[in-house]
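Below is one structure, written out as structure tokens; comments come after it.
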Amino acid sequence: MSGTKRVDVLGETCPVPLVETRKAIRKSSPGDIIDVVGNHPESKEEISMAVDELGLELLDIEEEGGNWTVKIKIPEDR
């Protein structure tokens, strides 16, 4: 059964957002969606690159008022 997990890294700087995102990925099951919410610009880019390197699906990057949300999907075949 897939679900959505939220990783709140607002106010955190490198490397915390990437580390917390990787922890959530390791604990996730195929089909899960992970919403990573933060406001450190460099972390948003690092997370996006890590998603690509790990073969995950980057669903969306939303930005509003200096905050961003990176939506990641764990592939069904993982």
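Please treat every number below as a calculation from the coordinates, not as lab data. Everything numeric here is computed off the predicted structure, so don't read it as measured data. Heads up, the Cβs are rebuilt from the backbone with ideal geometry, glycines too, and the neighbour counts pull from every protein chain shown.
Overview of results
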| item | result |
| --- | --- |
| Which listed residue is under 10 Å from the mean Cα position of the chain (by Cα) and not β-branched (V, I, T), from G38, G66, G55 | G38 |
| Within the stretch 36-62, considering residues that are more than 15 Å from G11 (Cα to Cα) and in contact with a helix residue (DSSP H, G or I) (Cβ under 8 Å, 6 or more places away or on another chain), the one surrounded by the most Cβ atoms within 10 Å (Cβ to Cβ) | I47 |
| Selected residue [at positive phi and either in contact (Cβ under 8 Å) with a residue 40 or more places away in the chain or touching a Ser or Thr at 6+ places or on another chain (Cβ under 9 Å) (or both)] from G31, G38 | G31 |
| Filtered residue count, the stretch 35-78, keeping only those that are β-branched (V, I, T) and under 14 Å from V19 (Cα atoms) | 4 |
| Top-ranked residue in the stretch 4-35 [being over 19 Å from I61 (Cβ atoms) and in contact with an Asp or Glu (Cβ under 6 Å, 6 or more places away or on another chain); ranked as surrounded by the fewest Cβ atoms within 10 Å (Cβ to Cβ)] | P30 |
